[in-house]
1. Can you list residue pairs whose Cβ atoms sit under 6 Å apart, with the first residue in the range 160-187 being farther than 18 Å from residue 138 by Cα and crowded, with 20+ Cβ neighbours inside 10 Å and the second being modelled with pLDDT of 95 or more and not basic (Lys, Arg)? Count only pairs 6 or more apart in sequence or on different chains.
2. Can you name the residue in the range 36-64 that is hydrophobic (A, V, I, L, M, F, W, C) and in contact (Cβ under 8 Å) with a residue 60 or more places away in the chain and, of all such residues, is surrounded by the most Cβ atoms within 10 Å (Cβ to Cβ)?
3. Do we find a residue being within 16 Å of ligand 3 (Cβ to nearest atom) and surrounded by fewer than 19 Cβ atoms within 10 Å (Cβ to Cβ) anywhere in the range 96-119?
4. Taking the conditions exactly as written (in contact (Cβ under 8 Å) with a residue 40 or more places away in the chain, within 16 Å of ligand 1 (Cβ to nearest atom), touching a Leu at 6+ places or on another chain (Cβ under 6 Å) and under 26 Å from residue 177 (Cβ atoms)), does residue 201 satisfy them or not?
5. Under the condition of being assigned to a helix (DSSP H, G or I) and either crowded, with 20+ Cβ neighbours inside 10 Å or aromatic (Phe, Trp, Tyr) (or both), which residue from the range 215-251 is modelled with the lowest pLDDT?
6. Looking at 130, 147, 122, 137, can you tell me which residue is surrounded by 22 or more Cβ atoms within 10 Å (Cβ to Cβ) and away from ligand 1 (no atom under 16 Å from the Cβ)?
7. Which of the following residues is farther than 26 Å from residue 264 by Cα, of a type outside the set (D, E, K, R), surrounded by 15 or more Cβ atoms within 10 Å (Cβ to Cβ) and touching a Lys or Arg at 6+ places or on another chain (Cβ under 7 Å): 305, 301, 287, 295?
8. Any chance you could count how many residues in the range 75-116 are closer than 24 Å to residue 216 by Cβ, assigned to a loop (DSSP other than H, G, I, E, B), more than 13 Å from ligand 2 (Cβ to nearest atom) and of a type in the set (D, E, K, R)?
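The values are calculated or read from the model by the stated rules, or taken from the named source; none is laboratory data. This is a predicted model, so every value here is computed, not measured. Here Cβ is always computed from backbone atoms with ideal geometry, including for glycine, and neighbour counts include all displayed protein chains.
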Amino acid sequence: MRITLSVIKADVGGYVGHSESHPDVLAKAEDCLAKAQKDGLLVDYHVTKCGDDLQLIMTHQQGVDNEKIHKLAWDTFIEGTAVAKRLKLHGAGQDLLADAFSGNVRGMGPGVAEMEFEERAAETVIVLMADKTSSGAWNLPLYKIFADPFNTIGLVIDGKMHQGFSFEVHDVKGHKKVAFDAPEEIYDLLVFIGAPSHYMVKAVYHRGTKEIAAVSSTQRLALIAGKYVGKDDPVCIVRSQGEFPAVGEVLEPFTLPLLVEGWMRGSHNGPLMPVSIPDSTPTRFDGPPRVVAAGFQLSGGKLVGPRDMFADKSFDNARQQALDAADFMRAHGPFEPHRKPLEEMEYTTMPEVMKKLSGRFVDLD
Ligand code: F6R
Ligand code: MG
Ligand code: MG
């Protein structure tokens, strides 16, 4: 059975500030998707949240980039925005950057990760969702999952994976894409994906079967809007088990609370903390950035789950390390490398301050 798994998300209003999603907004989304399922458009769905982001996880048979599915997501975000406006939530409709739907939500603000595949006898999928960070946050974890034998022992000892994976990398500033085969080309690959604000891993494919293994959202809100309007807060779907990395290999990279851009005012670097879905409430300096993982088995397109994968105690040390790293980074206050470099900050007063002081700058001898 061919199934499409679509994860489409948007921040349509925060409660309180940018720290959480309001239950009434989630309930409205639930109503919208229940109706679409009843009408036969969706096979199944799950509505959840990561911090202030509303997450629509949907299965259907319409393929990727389908207008009906994207319109359903857009209309659901519009309905959610109406609830957010009624409650005067913060930043109601903040990620909806277009006035009207025009065929596809890509480029209109919401984040999208979709993949179509033939459902396997046991189809394990993990949906990763992050808040207070940007799309490149998946580069390091995806590299570790699909190319690093110190993370994924299956690359070494499981014949079904030994050939490796290929990485589709997007240059989000230059609007270009390029593919790399791992393991042979990992040094070339790392030249690019080590710069995650510019080059992002869009998808990963099994080199033997050519099956899709992972897909991420690579929308950069700031590039779409031409100014800061909120962080991308990306999502990523990873298929697991069998010819793909095991669940434990998919989750293992998050034991390192990697430093990502985002956090307060999208203008800082800080640790990505793996948490349970209820704990995705970034409150300390609007952070630290969070990642959650919803695990499902698919059965004829039905979403059996989710299991809240980072609720597990074995991520407690990662959380503690993230909190220690958060303290360490915060101690730098407004200084780099906690605060992002001038040219990359999402908020800045530099033009006004420069203008005000222009007459006071004198040439050095
Ligand atoms: C970061 C984020 C928050 C806001 C901050 C100010 O992604 O969303 O840190 O940037 O709370 O928000 P505004 O400008 O909406 O008052
Ligand atoms: Mg927000
Ligand atoms: Mg958010």
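1. Listed by first residue and then by second, the contacts come to 161/154; 161/155.
2. 50
3. yes
4. Against the criterion (in contact (Cβ under 8 Å) with a residue 40 or more places away in the chain, within 16 Å of ligand 1 (Cβ to nearest atom), touching a Leu at 6+ places or on another chain (Cβ under 6 Å) and under 26 Å from residue 177 (Cβ atoms)), residue 201 does not qualify.
5. Restricting to residues being assigned to a helix (DSSP H, G or I) and either crowded, with 20+ Cβ neighbours inside 10 Å or aromatic (Phe, Trp, Tyr) (or both), the top hit is 221.
6. Matching residue, one of 130, 147, 122, 137: 147.
7. Selected residue: 295, the only one of 305, 301, 287, 295 that is farther than 26 Å from residue 264 by Cα, of a type outside the set (D, E, K, R), surrounded by 15 or more Cβ atoms within 10 Å (Cβ to Cβ) and touching a Lys or Arg at 6+ places or on another chain (Cβ under 7 Å).
8. The total comes to 1.
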